[in-house]
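Peer 1: After the structure tokens below, expect a handful of questions from me.
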Amino acid sequence: MICPHCFVDVSAKERTGQVCSRCTKRFALDPRIHGRGMNDRRIKRIAEKATEGGRLRMTVTQLWYLSRTSSGTSPARPARGIRPGVRWLVAAPLAVLLLVAGNFVPGVPGAVTVTAAVAVVVTASLMRFRPATRASSYITPSESQFRQMMAGPWAVAYGKPLPRVVNDGPHAPHPRTPPPARPRVVILCTDHAAAVFLRRNAIPARLDALLVEAGPGAAHEALADAPEGLPVVTLHDADALGTLLAPLLRQAHPDRVVVDAGLPVTAVRTRRGAVHRVSSAATPSAADLRSLAGLSEADAAWLAQGYWSPLAAVPPRRLEAAVTAAVRRALAARPPAGPRSTDGFLTWPAEVPSPGGGPSRTKGAAAG
């Protein structure tokens, strides 16, 4: 490992206790202890690039996604084989019956019958049962492990968090920023990490926007206190409820312009390097997603299986650019004349993060 202080390649014996024997300075992360890819120089490099040299602030959640070393999903699998109880319920009586019959049948037929009984027992013993499994996902390191690294070893080694990286955990203090005196647009964000990122970078204030943070299920109530008639920009994960947010808001608020700037499923579903996760919560059917959200059959089927991709995994500069473009589009749009607004498509995003913090080049994707 390269020491982050003296930049000398030190062996495991030369960095006992997370202290470099060459320069005697403490460092935070040791790949041998904290896992592959977890070292100070790499984390600093990722944060430096994501914040554009300090121009932006980012959250620990965003840093976690960019710093992950691997991620993936496992599809749901049906049960295979016969359960042991059922298997032996059939095999045991059959084997006993064959043994009894073999004792009453002389000669070769009797020997064949006994052999069949043994074969039944052996076959039942060798058979295996694999229970059904649900779809699952993994990210290495896990979020809890990464947060512990930042709050524990990193704080001990440096006495302070990474520059321009803010804690967005559930118990972290979040200073309230006063809303603009005369907001021109509402940004409705369903992702907490993304909302913290926007606030800490004063993006809503710069855009004369009122930032409203709420889950997809509470979006309608959250807009109750927003000034009537203002256009709304929705920010959400590429998930089932997120794709339904803009269509349902248009129906509930026919007087508002609603621009969907959430992470589109098409941009991440088949993109190598994108973060794919699996939700255990119930999801709308593929048919509902196609009819209400206008999704393709493939995108709707993917979401209906519980798959989703987080907005917080998008590099900060991409998120900033997408929000800025969406707000400008919302302000330029005409108020709807009918029950639905007719916002266009947003390019979102041109690249997605891959494990290790490097972007994976993709073609442009549309969000509507």
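The values are calculated or read from the model by the stated rules, or taken from the named source; none is laboratory data. Bear in mind that the values here come from a model prediction, so they are computed numbers and not experimental data. Heads up, the Cβs are rebuilt from the backbone with ideal geometry, glycines too, and the neighbour counts pull from every protein chain shown. Note: areas computed on protein heavy atoms with side chains; ligands, DNA, RNA excluded. Shrake-Rupley method; radii C 1.70, N 1.55, O 1.52, S 1.80 Å.
Peer 1: If a residue must be over 22 Å from Ala281 (Cα atoms) and under 24 Å from the mean Cα position of the chain (by Cα), how many such residues does region 223-239 contain? Break it down into steps so the answer makes sense when it comes.
Peer 2: Step one: filter region 223-239 for residues over 22 Å from Ala281 (Cα atoms), giving 223-233.
Now restrict to residues that are under 24 Å from the mean Cα position of the chain (by Cα): 233.
Residues flagged as over 22 Å from Ala281 (Cα atoms) and under 24 Å from the mean Cα position of the chain (by Cα) within region 223-239 amount to 1.
Peer 1: Which of the numbered conditions does Val233 fail, given that it passes all the others? Conditions: (1) of a type outside the set (Gly, Ala, Ser); (2) in contact with a strand residue (DSSP E or B) (Cβ under 7 Å, 6 or more places away or on another chain); (3) crowded, with 24+ Cβ neighbours inside 10 Å; (4) under 19 Å from Tyr65 (Cα atoms).
Peer 2: All conditions pass for Val233, except number (4).
Peer 1: Next up: Suppose we keep only residues that are small (Gly, Ala, Ser) and open to solvent by less than 50 Å² (accessible area, probe 1.4 Å) within region 264-285. Which one would you say is farthest from Leu319 (Cα to Cα)? Working first, answer last.
Peer 2: Let us first name the residues in region 264-285 that are small (Gly, Ala, Ser), namely 267, 273-274, 279-282, 285.
Right, trim to open to solvent by less than 50 Å² (accessible area, probe 1.4 Å) and you get 267, 273-274, 279.
Working: Ala267: 14, Gly273: 17, Ala274: 15, Ser279: 23 Å.
If we take residues in region 264-285 being small (Gly, Ala, Ser) and open to solvent by less than 50 Å² (accessible area, probe 1.4 Å), then Ser279 is farthest from Leu319 (Cα to Cα).
Peer 1: Follow-up. Take the residues in region 176-204 that are surrounded by fewer than 17 Cβ atoms within 10 Å (Cβ to Cβ) and in contact (Cβ under 8 Å) with a residue 12 or more places away in the chain; name whichever of them is nearest to Val232 (Cα to Cα). Full working, then the answer.
Peer 2: Taking region 176-204 first, the residues surrounded by fewer than 17 Cβ atoms within 10 Å (Cβ to Cβ) are 176-182, 184, 202.
In the following step, the residues that additionally are in contact (Cβ under 8 Å) with a residue 12 or more places away in the chain were identified as 177, 179-180, 182, 184, 202.
On the way: Thr177: 19, Pro179: 15, Pro180: 15, Arg182: 15, Arg184: 10, Ala202: 18 Å.
Among those that are surrounded by fewer than 17 Cβ atoms within 10 Å (Cβ to Cβ) and in contact (Cβ under 8 Å) with a residue 12 or more places away in the chain, it is Arg184.
Peer 1: Quick check on region 286-301: of everything there that is closer than 23 Å to Val233 by Cβ and not in a loop (DSSP other than H, G, I, E, B), which residue is most open to solvent (accessible area, probe 1.4 Å)?
Peer 2: Among those residues, the one meeting the criterion is Leu292.
Peer 1: Here's another thing I want to ask about it. Does at least one position in region 243-253 carry a residue that is surrounded by fewer than 21 Cβ atoms within 10 Å (Cβ to Cβ), touching a residue at least 24 places away in the same chain (Cβ under 8 Å) and part of a loop (DSSP other than H, G, I, E, B)?
Peer 2: yes
Peer 1: Would you check which residues across region 269-285 are modelled with pLDDT of 90 or more, part of a loop (DSSP other than H, G, I, E, B) and among the β-branched types (Val, Ile, Thr) and list them?
Peer 2: Listed by number, the residues that qualify are Thr270, Val275.
Peer 1: Here is a check on your reading of the model: is Leu89 surrounded by 14 or more Cβ atoms within 10 Å (Cβ to Cβ) and not in a strand (DSSP E or B)?
Peer 2: Criteria not met by Leu89.
Peer 1: Here is a follow-up. Any idea which residue in region 17-32 is nearest to Gln145 (Cα to Cα), counting only those that are open to solvent by 60 Å² or more (accessible area, probe 1.4 Å) and more than 35 Å from the chain's Cα centre (by Cα)?
Peer 2: Going through the qualifying residues, I end up with Lys25.
Peer 1: So which residues in region 127-160 are under 16 Å from the mean Cα position of the chain (by Cα), part of a helix (DSSP H, G or I) and among the hydroxyl-bearing types (Ser, Thr, Tyr), if there are any at all?
Peer 2: Correct list: Ser144 only.
Peer 1: Which count do you get for residues in region 1-49 that are polar (S, T, N, Q), in contact with a strand residue (DSSP E or B) (Cβ under 9 Å, 6 or more places away or on another chain) and not in a loop (DSSP other than H, G, I, E, B)?
Peer 2: Counting residues in region 1-49 that are polar (S, T, N, Q), in contact with a strand residue (DSSP E or B) (Cβ under 9 Å, 6 or more places away or on another chain) and not in a loop (DSSP other than H, G, I, E, B) gives 1.
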